[in-house]
Amino acid sequence: MEINTHNAEILLSAAKKSHYPQDDLPEIALAGRSNVGKSSFINTMLNRKNLARTSGKPGKTQLLNFFNIDDKMRFVDVPGYGYARVSKKEREKWGRMIEEYLTTRENLRAVVSLVDLRHDPSADDVQMYEFLKYYEIPVIIVATKADKIPRGKWNKHESAIKKKLNFDPSDDFILFSSVSKAGMDQAWDAILEKL
Ligand SMILES: Nc1nc2c(ncn2[C@@H]2O[C@H](COP(=O)(O)OP(=O)(O)O)[C@@H](O)[C@H]2O)c(=O)[nH]1
Ligand SMILES: [Mg+2]
């Protein structure tokens, strides 16, 4: 598929199914802990400085944000998990919203699950991966902030993450940096393959 990735815009934000876009364009959802680099990933992939707001205030975006890419596909930015300062009630609401989207959305082709290359995956990261595997949703693991780790140590960090996730080698694993753009082409290849 030929996609002009520069032709991208925020389409709408939704909390529930009736507000999702009503067509059959393929969607790639982005999931990860607050601050892992989700918005930066979207901006980098779309060659934009600030399409998806990167904010110092984690947990701010509480809706599913749908980005139209060249009228051919969408990115769906899922609000980040693991933000301590939200109430139990808000967390439950968040959980239901994500679960509804991930388990019922026919447009969904794959989830890009972002983890921080510098750290072992959190319990939430592991749970998200297990959830996606359980529902047989194709996963692309993107390990962010690779620029903060010397290249000579990338392998070691990658192995630690794979071990903690109980990573399925048939899934994609991509080392990524929004600063150097390392992994961008690989990420696009993996995404386009899923459409
Ligand atoms: N060095 C570095 N910093 C990054 C990278 N990706 C994101 N960040 C920084 O991490 C913080 C959170 O990024 P953001 O994209 O807003 O995370 P989100 O909460 O997952 O959407 C911001 O200060 C970003 O500038 C990266 O690849 N390398
Ligand atoms: Mg964000």
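Among the residues of region 112-124, the one identified as among the hydroxyl-bearing types (Ser, Thr, Tyr) and either exposed (fewer than 15 other Cβ atoms within 10 Å of the Cβ) or over 19 Å from residue 27 (Cα atoms) (or both) is 122. Would you check which residues across region 84-111 are surrounded by 19 or more Cβ atoms within 10 Å (Cβ to Cβ) and under 16 Å from residue 35 (Cβ atoms) and list them? Within region 84-111, just 94 meets the criteria. Given the criteria more than 15 Å from residue 116 (Cα to Cα), part of a loop (DSSP other than H, G, I, E, B), away from ligand 2 (no atom under 16 Å from the Cβ) and open to solvent by 10 Å² or more (accessible area, probe 1.4 Å), does residue 189 qualify? Here the answer is no, as residue 189 does not meet what is asked. Considered as a group, the residues in region 47-93 that are within 10 Å of ligand 1 (Cβ to nearest atom) and of a type in the set (D, E, K, R) include one that is modelled with the highest pLDDT, and that residue is 77. Restricting attention to region 7-35, which residues are open to solvent by 80 Å² or more (accessible area, probe 1.4 Å) and touching a helix residue (DSSP H, G or I) at 6+ places or on another chain (Cβ under 9 Å)? The answer is 16, 17.
Residue check: residue 80 meets all listed conditions (1) over 15 Å from the mean Cα position of the chain (by Cα); (2) open to solvent by 10 Å² or more (accessible area, probe 1.4 Å) but one, namely (1). Listed by first and then second residue, the pairs linking a residue in region 127-146 that is closer than 19 Å to residue 42 by Cα to a residue that is among the acidic types (Asp, Glu) and part of a helix (DSSP H, G or I), with Cβ atoms under 9 Å apart and 6 or more places separating them unless they lie on different chains, are 143/158.
Just give me the residues in region 125-174 being surrounded by 13 or more Cβ atoms within 10 Å (Cβ to Cβ) and among the hydroxyl-bearing types (Ser, Thr, Tyr), in sequence order. Across region 125-174, the qualifying residues are 129, 144. Of the residues contained in region 151-166, one or more are found to be more than 18 Å from residue 32 (Cα to Cα) and in contact (Cβ under 8 Å) with a residue 24 or more places away in the chain.
The values are calculated or read from the model by the stated rules, or taken from the named source; none is laboratory data. Just so it is clear, the structure is predicted and the values come from calculations on it, not from any experiment. Because the Cβ atoms are built from the backbone with ideal geometry, glycine has one as well, and the counts that use them run over all protein chains shown. Each accessible area value is taken on the protein alone, full model and side chains, heavy atoms only, with ligands, DNA and RNA left out. Shrake-Rupley method; radii C 1.70, N 1.55, O 1.52, S 1.80 Å.
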